[in-house]
1. Return the only residue of Ala198, Ala155 being modelled with pLDDT under 80, surrounded by 18 or more Cβ atoms within 10 Å (Cβ to Cβ) and aliphatic (A, V, I, L, M).
2. Would you say Pro54 is surrounded by 17 or more Cβ atoms within 10 Å (Cβ to Cβ), touching a Phe, Trp or Tyr at 6+ places or on another chain (Cβ under 6 Å) and assigned by TED's automatic domain parsing to the domain that holds Val25?
3. On the basis of being at pLDDT 95 or above and out of contact with any Lys or Arg (no Cβ under 8 Å at 6 or more places or on another chain), does Pro129 make the cut?
4. Could you please give the count of residues in segment 90-136 that are more than 22 Å from Pro24 (Cβ to Cβ) and among the polar types (S, T, N, Q)?
5. Looking at Gly58 and the list (1) of a type outside the set (Lys, Arg); (2) more than 21 Å from the chain's Cα centre (by Cα); (3) under 14 Å from Ser156 (Cα atoms), which single condition is not satisfied?
6. Looking at Asp97, is it of a type in the set (Asp, Glu) and either surrounded by 15 or more Cβ atoms within 10 Å (Cβ to Cβ) or touching a Phe, Trp or Tyr at 6+ places or on another chain (Cβ under 8 Å) (or both)?
7. Among Leu42, Leu38, which is the only one that is under 18 Å from Ala87 (Cβ atoms), modelled with pLDDT of 95 or more and of a type outside the set (Ser, Thr, Tyr)?
Amino acid sequence: MPGARSDAASIENVDMKLEVVILPVADVDRAKEFYLRLGWRLDQTPPGIVQLTPHGSGCSVQFGPDLTPAAPGSASNYLVVSDLEAARDALVGAGVDVGEIMHVTPQGPASGLDPDRRSYFSRATFSDPDGNTWLVQEITTRLPGRVEAAETSFASKSDLASALRRAEAAHGEHEKRTGKTDPDWPGWYAQYMISEQAGTELPT
């Protein structure tokens with residue numbers, strides 16, 4: 001058919017990366033001060049719009065007059081961290097009122113980290129001065145299909161360091177099981193880190 005697009009242009013092949021989440025706030029200056037206190041980067045934007053980006057994030061937040069008709073404080077969003085205890089300590093150190101760490105059980109929320117430190121199970125929450133809620137969730141291994149296996153990447157130095165520590169601990173168990181030193185530990189680390197991020201079967 002004349003003018004028809006190729007399969008390569010079909011919708012499933014179009015990259016659409018989430019760029020910005022708009023937060024409804026009543027006081028722009030107060031919100032800006034709060035998020036800067038979290039260490040979020042202040043980006044260059046048109047006049048009247050404030051944009052900040054969390055460390056290691058590909059998505060930013062924006063707020064400003066007339067950006068959204070939503071009521072201030074009505075937003076609820078997720079932040080993902082690789083070490084929830086460390087992240088909570090850092091937030092508290094920055095003067096943020098963070099709820100206690102909880103984990104999900106079949107009976108409902110329970111206090112503390114998930115005993116097996118499973119991804120997606122442990123979380124804590126905090127709110128900005130307007131009441132917009134952030135749920136901070138610990139994720140180290142993604143669910144299958146959540147990340148393209150061929151697109152493994154680490155958004156920050158701290159994420160990469162955490163992944164290397166987990167690979168190191170797992171490799172230590174691997175050497176205990178085999179009873180011998182593994183000379184190809186870099187390859188084993190790489191496979192572990194790729195599999196962990198993509199949610200595929202981990203090497204043993």
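1. Ala198
2. Yes, satisfied.
3. When the stated conditions are applied, Pro129 does not pass them.
4. Number of matching residues: 5.
5. (2)
6. Yes: the conditions hold for Asp97.
7. Being under 18 Å from Ala87 (Cβ atoms), modelled with pLDDT of 95 or more and of a type outside the set (Ser, Thr, Tyr) holds for just one of Leu42, Leu38, which is Leu38.
Conditions tested, residue by residue: (1) touching a residue at least 24 places away in the same chain (Cβ under 8 Å); (2) among the aliphatic types (A, V, I, L, M); (3) assigned by TED's automatic domain parsing to the domain that holds Arg166.
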residue	(1), (2), (3)
Gly73	yes, no, no
Tyr78	yes, no, no
Ala87	yes, yes, no
Asp97	yes, no, no
Ile101	no, yes, no
Pro115	no, no, no
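The values are calculated or read from the model by the stated rules, or taken from the named source; none is laboratory data. Note that the coordinates shown come from a computational prediction; the quantities given were computed from them, not determined experimentally. Backbone-built Cβ (ideal geometry, glycine too); neighbour counts: all protein chains shown.
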